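The values are calculated or read from the model by the stated rules, or taken from the named source; none is laboratory data. All of these numbers come straight from a predicted model, not from anything done at the bench. Note that we place each Cβ from the backbone using ideal geometry, even for glycine, and neighbour counts take in every protein chain shown. The area values use the complete protein model at the heavy-atom level, side chains included, leaving out ligands, DNA and RNA. Shrake-Rupley method; radii C 1.70, N 1.55, O 1.52, S 1.80 Å.
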Amino acid sequence: MITSTGSRAAVQARPGASNPVLDVVVPVYNEEVDLGPGVRRLHAHLAEHFPYPFRITIADNASIDGTLAVAEALTVELPEVRVRHLSAKGRGRALRAAWSASEAPVLAYMDVDLSTDLAALLPLVAPLISGHSDVAIGTRLARAARVVRGARREVISRTYNLLLRGTLAARFSDAQCGFKAIRADVARELLPLVQDTGWFFDTELLVLAQRAGLRIHEVPVDWVDDPDSRVDVVATAVADLRGIGRLGRALLTGALPLADLRAQFGRAPLAVPPGQVPAGLPRQLVRFAAVGVASTCAYLLLFTLTRGALGAQPANLLALLLTAVANTAANRRLTFGITGRRHVSRHHVQGLLAFALGLALTSGSLAILHAAATPARSVELAVLLTANLAATVLRFTLLRLAMHHHP
């Protein structure tokens, strides 16, 4: 969960007021069989358990069966139900259209099969109504979640979320659970930046929310997978990979106005109590350590591969130089959360300064070792490893000082 000390104004509404506080969007495509039972069940739950006025918006994604007729009949039967017909398919397109047109201060969506236990709906939206959080998601991957679904979908879901953590530094646990909510004031700022119109829409919205400093609330859910799901897993996976690449490029190049968004409506960073550990330091240490382990392994591999052809000192220079540049880039992005080209040259210069000091440590260790005797290769590697670890500690200190304005 993303946390900070900032807060939003609570939604001002009274039970019985005419305008809805919550608008639940149900995107559908060719769901004439499941639409009626699902919407009636959702309506009954909200009428009994939700203490504020609500609306259910059926977003018909260009259905070619009787879905639209069923939806229109539901609007006559249930006064809180509305229908919005779109001429093109795409879950993201449907959510964008329905959320943008809604006057409710809290917006949500769920799949028509109601795979998620509706008891989680009020816990999902309550932090948004109170102003505690900005976005809320149901998660099937939390320890407290209870999930019934096949092994293949379980593996795909966990792999996808691990991929998001590795490529986009996502800190939310379940990107594609069809059970989410967002404050309307936040949606107005984020929706124009979201390009995807299909299944990647959720992921893109969440990544932008995280990068803008918004608080994402997670609710463990009870989930029973729909065996009749019509999602094309292969096509969706390919589209998601393309979306990750596109969004990753936009983040790396600074094409998105995330700094402006963070300044406009992101939550303020935690204040640092005098004499205490700076906020974010433990997390930075963990990420820096992970990058350091990868860099050290790459360094030892490069040194071992080039040692025979170049000799000890040139191999050490080459291996350390290549891994130092990669280390600075990785720490800039993953440890300190800096994207775009701003100050990139300065950061790499400072990284090369750390490299020079690391080179002095490792080369000096090698020189002392070889002056004393002709060491075994294992001893040589052990000495280099120790010196490289010391250089890593020094590199963290220097990089954090250089990038302290990006907590």
About the Cα centre of the chain, what is the dipole size in debye to 20, counting +1 per Lys and Arg Cβ and -1 per Asp and Glu Cβ, all else neutral?
1920 debye
Under a crude label model (7 Å from the Cα following the beta-carbon direction), how far is ARG149 from ALA10 in nanometres?
3.5 nm
Spelling out what I want: for every residue of segment 99-106, take phi, set θ = phi - 60°, compute 6.51 cos²θ - 1.76 cosθ + 1.60 (Karplus), and round to whole Hz; glycine and proline get x.
5, 5, 8, 7, 9, 6, x, 10
For a quick check: with amide H placed at 1.01 Å from N, whose amide H comes under 5 Å from VAL21's, ignoring anything fewer than 5 positions away on the same chain?
PHE54
Note the angle between two axes, namely the Cα long axis of helix 201-211 and the longest principal axis of the Cα atoms of the chain, as a number of degrees from 0 to 90, rounded to the nearest 10.
50 degrees
Cα-based helix-to-principal-axis angle, 312-330 vs the chain, degrees rounded to 10
20 degrees
Kindly report the accessible area of the chain per residue (heavy atoms of protein chains, probe 1.4 Å, no ligands, DNA or RNA), in Å².
47 Å²
For ASP174, ASP222, give me the order by solvent-accessible area with a 1.4 Å probe, most accessible first, ignoring ligands, DNA and RNA.
ASP222, ASP174
If I ignore ligands, DNA and RNA and count only protein heavy atoms, how much of ARG55 is accessible to a 1.4 Å probe, in Å² to the nearest 10?
40 Å²
Would you mind calculating the gained length between VAL224 and LEU301 on full extension (0.36 nm times residue separation, minus the Cα-Cα distance), in nm to one decimal?
23.1 nm
Note to self: C-alpha centroids of segment 120-170 and segment 56-115 sit apart, in Å, by 23 Å
Percent antiparallel among DSSP beta bridges (both partners in the chain, rounded to 5):
25 percent
Compute the length gained on full extension between ALA371 and GLU48: take 0.36 nm times their separation in residues and subtract their Cα-Cα distance, giving the result in nm to one decimal.
108.0 nm
Using protein chains only and a probe of 1.4 angstrom, how many square angstrom of ASP196 are accessible, to the nearest 10?
30 Å²
Can you list residues from other chains, or at least 5 along the same chain, whose modelled amide H is less than 5 Å from the amide H of GLY66?
GLU32
Accessible surface of LYS89 in the full protein assembly, 1.4 angstrom probe, to the nearest 10 Å²?
110 Å²
Roughly how many percent of the accessible protein surface of the chain is carbon and sulfur, given a 1.4 Å probe and a whole-percent answer?
62 percent
³J(HN,Hα) computed for each position of segment 282-299 - Karplus, 6.51 cos²θ - 1.76 cosθ + 1.60, integer Hz, glycine/proline x:
x, 5, 5, 5, 5, 5, 5, 5, 5, 5, x, 4, 4, 5, 5, 4, 5, 4
Using the Karplus curve 6.51 cos²θ - 1.76 cosθ + 1.60 with θ = phi - 60°, work out ³J(HN,Hα) for each residue of segment 154-159 in order, rounded to whole Hz, and write x for Gly and Pro.
4, 5, 4, 4, 5, 5
Calculating Rg and Dmax of the Cα atoms in Å from this structure picks out, from [x] 21.5, 68; [y] 20.0, 62; [z] 26.0, 91, entry [z]
Using modelled amide H (1.01 Å from N, peptide plane; none on Pro or chain starts), what sits under 5 Å from the amide H of THR139, excluding residues fewer than 5 places away?
VAL219, VAL221
Please work out the FRET efficiency for the pair ALA255 and VAL33, using the Cβ-Cβ distance as r and a Förster radius of 45 Å; give the result to the nearest 0.05.
0.55
Neighbourhood net charge (14 Å Cβ-Cβ; Lys/Arg +1, Asp/Glu -1) for ILE137:
-1
